[in-house]
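The values are calculated or read from the model by the stated rules, or taken from the named source; none is laboratory data. All values reported here derive from a predicted model rather than from experimental measurement. All Cβ positions, even for glycine, are placed from backbone atoms using ideal geometry, and neighbour counts span all protein chains on display. For accessibility, only protein heavy atoms count, side chains too; no ligands or nucleic acids. Shrake-Rupley method; radii C 1.70, N 1.55, O 1.52, S 1.80 Å.
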Amino acid sequence: MDITQILLAAQSPDANVRTAAEGNLTQFQEQNLPNFLLSLSVELSNDEKPPESRRLAGIILKNSLDAKDSAKKELLTQQWVSVDPSIKLKIKESLLVTLGSSVHDARHTSSQVIAKVASIEIPRREWQDLIAKLLGNMTLPGASAPLKQATLEALGYVCEETSPQHLEQDQVNAVLTAVVQGMNQTELSPEVRLAAVKALYNALDFAESNFANEMERNYIMKVVCDTAVSKEVEIRQAAFECLVAIASTYYSHLEPYMQAIFNLTANAVKGDEEPVALQAVEFWSAICDEEIALQDEYEGSDDGNSTVHFRFIEKALPSLVPMLLETLLKQEEDQDQDDNVWNISMSGGTCLGLIARTVGDAIVPLVMPFIETNITKPDWHCREAATFAFGSILEGPSVEKLAPLVQAGLDFLLNTMSDSNSQVKDTTAWTLGRVFELLHSPTGANPIINNSNLPRIMTVLLESSKDAPNVAEKVCGAIYFLAQGYEDAESLSSVLTPYLPNIIAALLSAADRADTTHFRLRASAYEALNEIVRVSNIPETSVIIGQLLQEIMRRLNLTFELQIISSGDKEKQSDLQALLCGVLQVIIQKLSSTDAKSIIAQTADQLMFLFLRVFACHSSTVHEEAMLAIGALAYATGPDFVKYMPGFFTYLEAGLQNYEEYQVCSISVGVVGDISRALEDKILPFCDRIMTVLLKDLSNSMLNRSVKPPIFSCFGDIALAIGENFEKYLSYAMPMLQGAAELLGNLDQSDDDMVDYGNQLRRGIFEAYSGILQGIKGPKAQLMIPYATHLLQFTEAVFKDRSRDDSVTKAAVAVLGDLADTLGPSSRDLFKTHLFHVEFLRECLESDDEVRDTASWAQGMINQAVVS
């Protein structure tokens, strides 16, 4: 097979030629993978071959070694590992030769493929001479600039693809030496210098011991700072990117260099090209992130003034804030029309917000004069910058410091909503949203919103919801946060009742607008509507909410009539159905938790009919929203929901089996819980099929792990619903619970995500045991005796584990009470041999309310069982 011809044919404009060639490549790959990979590497390294065939050879080679999907990646790794070592050696030599190619694309691809091979081999202690060979290229007498550039690129990619523990320190030192030499101004080729700076960026994680050594650190920092004033823009930008990474990785070593870095960033922000200026601002944002994290870490502890917290932001404040305020005046025309725009004014505002969170009250006097000077100027740039500055500093300073300023400025902001400039209105609406989100507290000492200013606020918001789509979207956000302030003070939400019909009408018409080219206004309007429903004060609003229910059902019905021609149409239909099902879920939850339940009873048939029609449109996103709404409906209708089960069960089963879209699977599991609680023993006819699918889910290694804890909780819900009928599932469910409990012993405690997952899994296991114990309590209680010892051993292991959170503690204590309650006197000896419960209960009785109440109940149950 002539590989060159096949590679060229695979890029032919003629579909038939292309398909045949792709078939040939696949056949070659499947029949003889080692020679296939070798042929590709030879093609890539041969400067006589056409650039097109070499480019594709490189892409296929790279994709044969790596994939985004972790299971596929593991398979490709194993395939490479099993290739004959002599062939692997030839491929690697070919790749190293290609670094000296005269064709840029071939060099670049080769450096990427070298790193992919290294990521497989270096952790396995193979290809140990790779670093030495690459460094040899750098010191080769008369090495060409292209060879050096490609070699540095390869070194950078190797650092990106492997972890620090896999390289020896002397290798790291040699890499850093080569990279720093490549950055030196004596290196005449800008391409080589740029590749060197980018390689340093990737190698920084490896440089921990070099940064700990003052002499080496000084040298690295000097070279980076010198490079930040190179004459090439791209090189300056890359040097500042290194400084940003150093701020995040080596904050504790930065103090001696901060004055020099401040001067560099100030000059870049004032006068450099935007890509460089953006990174200069990003440096200060990174410092803020570090200092916010340090403050969170030391909050409330004695070493709050820890030596690692240098308070760089506080010290730089008087110079830093004015520098950032100037950036706010560099807006682009029409930047409010593009949600993804990122420029120096956006970056400066974001950094200002981080500084406010870092230093709190201290920022306010530095920003207020800028606001007062600019807020009334005729130039819109000044007015917008002043408003943006105000909105940016609302999180961080104390309510006491901000409340008087907001109370004085609120009327001004409301007036500005009729400014002649759209960007000013856009930023003002965003700022109002921030005011309501961060400072509006009806139960606070001096509430920002009161009876005298609420009418004016409402008038302005309702009027502005008709403004340009981008402004209207921010206004909907402001309405959302205004409503959210009443979530914990529902009786006070009566103040909104008189405005409710107008708010609902305004949000519905915002959602309906034909000029919404972007989907976000519609989503924002419906989210605000949901929040308005959540806080509305029933019974005084039940009639209005009932009318809204009818209107949303009408709208959902209309979606089935939309013309679906393209996949884009399908997606639009699906997104709209998802939003409408979301509103219905909120309305059902709101009405069913009050005396207005009858409204749901009267419309349940229609609602269920609509949800089943949504399922029939088969879209997973809608599937989720409709599934959640059905869960709410089951809760609202209770045992009556059983009449919908035959029609709904097929969709529920499909959701439970949807391994690919694990969120759908997870939501479906939650709905099984809702239905179990609603139907109680009426769910029995469906349990065999539900339990079969849930047990299959637990055994499926492809299913995302986050779905497994809810499945265990669901066992508990089912057992509670069907009582002693759960007996037939014990021999399947209990080994699953025991297996999961054993797995918990092997979780990586140094990984925060794994600790979180461990807590979710523990809680799921305890909730399963609690439900099963309560369900089987009675004549068949003795069935649980064989499992009791394992349960107590597991609970003791959790008691001794300090990484458990409060929810796990509460669930664990509840299980002890349930065990005593269900087994009664039969549990006496068990509790006498597992005495850890005495200390565990003592600890819980000194805990917060919820845990204490549960522990007090559990102690009563255990005492009763042990004494009786």
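Here's a check for you: in segment 683-741, which residue that is part of a helix (DSSP H, G or I), among the aliphatic types (A, V, I, L, M) and under 25 Å from the mean Cα position of the chain (by Cα) is farthest from Ala634 (Cα to Cα)? Write out each step before concluding.
Let us first name the residues in segment 683-741 that are part of a helix (DSSP H, G or I), namely 683-699, 705-741.
Still in the list and also among the aliphatic types (A, V, I, L, M): 683-684, 690-691, 693-695, 698, 707, 711, 718-722, 730, 733-734, 736-737, 740-741.
Restricting the remaining residues to those that are under 25 Å from the mean Cα position of the chain (by Cα) gives 698, 707, 711.
Numbers: Leu698: 25, Val707: 21, Ile711: 19 Å.
Top of the filtered list is Leu698.
This table checks each residue for (1) under 19 Å from Lys330 (Cβ atoms); (2) in contact with a Leu (Cβ under 9 Å, 6 or more places away or on another chain); (3) of a type in the set (Ser, Thr, Tyr); (4) free of Cβ contacts under 8 Å to residues at least 60 places away in the same chain.
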| residue | (1), (2), (3), (4) |
| --- | --- |
| Cys351 | yes, yes, no, no |
| Ala356 | no, yes, no, yes |
| Val364 | no, yes, no, yes |
| His381 | yes, yes, no, yes |
| Glu384 | yes, yes, no, yes |
| Gly396 | no, yes, no, yes |
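Any idea which of Arg357, Arg383 is of a type outside the set (Ser, Thr, Tyr), more than 27 Å from Arg456 (Cα to Cα) and touching a helix residue (DSSP H, G or I) at 6+ places or on another chain (Cβ under 9 Å)?
Working: Arg383 fails: more than 27 Å from Arg456 (Cα to Cα).
Step by step, each of Arg357, Arg383 is checked, and only Arg357 is of a type outside the set (Ser, Thr, Tyr), more than 27 Å from Arg456 (Cα to Cα) and touching a helix residue (DSSP H, G or I) at 6+ places or on another chain (Cβ under 9 Å).
Might you check whether a residue that is touching a Pro at 6+ places or on another chain (Cβ under 6 Å) and either in contact (Cβ under 8 Å) with a residue 24 or more places away in the chain or not β-branched (Val, Ile, Thr) (or both) occurs anywhere in segment 225-245? Give the derivation first.
Pass one, segment 225-245, residues touching a Pro at 6+ places or on another chain (Cβ under 6 Å): 232, 237.
With either in contact (Cβ under 8 Å) with a residue 24 or more places away in the chain or not β-branched (Val, Ile, Thr) (or both) added as a condition, the list becomes 232, 237.
Yes: segment 225-245 contains one or more residues that are touching a Pro at 6+ places or on another chain (Cβ under 6 Å) and either in contact (Cβ under 8 Å) with a residue 24 or more places away in the chain or not β-branched (Val, Ile, Thr) (or both).
So, of the residues in segment 445-504 that are small (Gly, Ala, Ser) and open to solvent by 50 Å² or more (accessible area, probe 1.4 Å), which turns out to be modelled with the lowest pLDDT?
Here is the first cut: in segment 445-504, the ones small (Gly, Ala, Ser) are 445, 452, 464-465, 468, 472, 477-478, 483, 485, 489, 491, 493-494.
Within this subset, residues satisfying the condition of being open to solvent by 50 Å² or more (accessible area, probe 1.4 Å) are 445, 452, 491.
Working: Ala445: 79, Ser452: 91, Ser491: 75.
So the residue we want is Ser491.
Restricted to segment 363-376, and to residues that are surrounded by 13 or more Cβ atoms within 10 Å (Cβ to Cβ) and part of a helix (DSSP H, G or I), which residue is nearest to the chain's Cα centre (by Cα)?
From segment 363-376, those surrounded by 13 or more Cβ atoms within 10 Å (Cβ to Cβ) are 363-364, 366-368, 370-371, 374-375; that's our starting set.
With part of a helix (DSSP H, G or I) added as a condition, the list becomes 363-364, 366-368, 370-371, 374.
On the way: Ile363: 30, Val364: 31, Leu366: 34, Val367: 32, Met368: 34, Phe370: 35, Ile371: 34, Asn374: 37 Å.
It comes out as Ile363.
Which of the residues spanning segment 452-487 are among the acidic types (Asp, Glu) and more than 27 Å from the chain's Cα centre (by Cα)? Outline the logic, then answer.
Pass one, segment 452-487, residues among the acidic types (Asp, Glu): 463, 467, 473, 487.
Listed by number, the residues that qualify are Glu463, Asp467.
Counting only residues that are open to solvent by less than 10 Å² (accessible area, probe 1.4 Å) and under 20 Å from Gly156 (Cα atoms), give me the helices (runs of 4 or more DSSP H) lying completely in segment 46-133 with at least 3 of them. Reasoning before the result, please.
On the way: elements: 51-63, 70-81, 85-98, 104-121.
Those helices (runs of 4 or more DSSP H) span 104-121.
Checking the conditions here, which among Val669, Val614, Val664 is at pLDDT 95 or above and in contact with a helix residue (DSSP H, G or I) (Cβ under 8 Å, 6 or more places away or on another chain)? Outline the logic, then answer.
Details: Val614 fails: at pLDDT 95 or above; Val664 fails: at pLDDT 95 or above.
Checking each option against the conditions leaves just Val669.
Specify the residue that is nearest to Ala820 (Cα to Cα); the eligible residues are those in segment 746-785 that are modelled with pLDDT under 90 and in contact with a helix residue (DSSP H, G or I) (Cβ under 7 Å, 6 or more places away or on another chain).
Ranking the qualifying residues of segment 746-785, first place goes to Leu747.
Applying the selection to segment 398-416, what residues are touching a residue at least 40 places away in the same chain (Cβ under 8 Å), open to solvent by 20 Å² or more (accessible area, probe 1.4 Å) and not polar (S, T, N, Q)?
Result: Val399, Lys401, Leu405, Asp411.
Take segment 134-145 and flag every residue that is of a type in the set (Gly, Ala, Ser) and surrounded by 12 or more Cβ atoms within 10 Å (Cβ to Cβ).
Gly136, Ala143, Ser144, Ala145, listed by residue number.
Could you please let me know if Ile287 is under 30 Å from Arg383 (Cα atoms) and open to solvent by less than 20 Å² (accessible area, probe 1.4 Å)? Even if it seems obvious, please write down each step before you answer.
Numbers: under 30 Å from Arg383 (Cα atoms): yes; open to solvent by less than 20 Å² (accessible area, probe 1.4 Å): yes.
In short, yes.
Looking at segment 331-362 only, could you name the residues that are over 29 Å from the mean Cα position of the chain (by Cα) and modelled with pLDDT of 95 or more?
Across segment 331-362, the qualifying residues are Asp361, Ala362.
Scan the helices (runs of 4 or more DSSP H) fully inside segment 174-284 and keep the ones with 1 or more residues being open to solvent by less than 30 Å² (accessible area, probe 1.4 Å) and touching a Lys or Arg at 6+ places or on another chain (Cβ under 6 Å). Walk me through it before giving the result.
Details: elements: 190-203, 208-212, 214-227, 233-249, 258-271.
Where helices (runs of 4 or more DSSP H) fall fully within segment 174-284 and carry at least 1 residues being open to solvent by less than 30 Å² (accessible area, probe 1.4 Å) and touching a Lys or Arg at 6+ places or on another chain (Cβ under 6 Å), they are 190-203, 208-212, 233-249.
Suppose we filter segment 73-121 for residues that are among the hydroxyl-bearing types (Ser, Thr, Tyr) and over 18 Å from Ala57 (Cα atoms); how many remain? Please lay out each step first, then the result.
The initial filter retains those residues of segment 73-121 that are among the hydroxyl-bearing types (Ser, Thr, Tyr), namely 77, 82, 86, 94, 98, 101-102, 109-111, 119.
With the extra rule that they be over 18 Å from Ala57 (Cα atoms), the set shrinks to 77, 82, 86, 119.
Residues that pass the stated criteria total 4.
So Arg554 ticks every box in (1) buried (at least 16 other Cβ atoms within 10 Å of the Cβ); (2) basic (Lys, Arg); (3) without any contact (Cβ under 8 Å) to a residue 24 or more places away in the chain but one. Which box is left unticked?
Arg554 satisfies all of (1) buried (at least 16 other Cβ atoms within 10 Å of the Cβ); (2) basic (Lys, Arg); (3) without any contact (Cβ under 8 Å) to a residue 24 or more places away in the chain except (1).
Restricting attention to segment 679-707, report how many residues are touching a residue at least 40 places away in the same chain (Cβ under 8 Å) and either small (Gly, Ala, Ser) or touching an Asp or Glu at 6+ places or on another chain (Cβ under 8 Å) (or both).
Summing the residues that are touching a residue at least 40 places away in the same chain (Cβ under 8 Å) and either small (Gly, Ala, Ser) or touching an Asp or Glu at 6+ places or on another chain (Cβ under 8 Å) (or both) in segment 679-707 gives 5.
From the list Ser856, Ser826, Ser803, Ser868, which one is out of contact with any Pro (no Cβ under 7 Å at 6 or more places or on another chain), more than 22 Å from Ile765 (Cα to Cα) and of a type in the set (Gly, Ala, Ser)?
On the way: Ser856 fails: more than 22 Å from Ile765 (Cα to Cα); Ser803 fails: more than 22 Å from Ile765 (Cα to Cα); Ser868 fails: out of contact with any Pro (no Cβ under 7 Å at 6 or more places or on another chain).
Selected residue: Ser826, the only one of Ser856, Ser826, Ser803, Ser868 that is out of contact with any Pro (no Cβ under 7 Å at 6 or more places or on another chain), more than 22 Å from Ile765 (Cα to Cα) and of a type in the set (Gly, Ala, Ser).
Would it be correct to say that Val672 is more than 16 Å from Gly582 (Cβ to Cβ), touching a residue at least 40 places away in the same chain (Cβ under 8 Å) and within 30 Å of the chain's Cα centre (by Cα)? Walk me through how you get there before you give the answer.
Numbers: more than 16 Å from Gly582 (Cβ to Cβ): yes; touching a residue at least 40 places away in the same chain (Cβ under 8 Å): yes; within 30 Å of the chain's Cα centre (by Cα): yes.
Yes: the conditions hold for Val672.
Return the only residue of Leu549, Leu529, Leu591 being modelled with pLDDT under 95, surrounded by 13 or more Cβ atoms within 10 Å (Cβ to Cβ) and in a helix (DSSP H, G or I). Break it down into steps so the answer makes sense when it comes.
Values: Leu549 fails: modelled with pLDDT under 95; Leu529 fails: modelled with pLDDT under 95.
When all the criteria are applied, what remains is Leu591.
Identify, from the list Tyr659, Tyr651, the residue that is in a helix (DSSP H, G or I), closer than 28 Å to Met702 by Cβ, open to solvent by 50 Å² or more (accessible area, probe 1.4 Å) and without any contact (Cβ under 8 Å) to a residue 60 or more places away in the chain. Steps first, answer last, please.
Details: Tyr659 fails: in a helix (DSSP H, G or I).
Just a single option satisfies the conditions, and that option is Tyr651.
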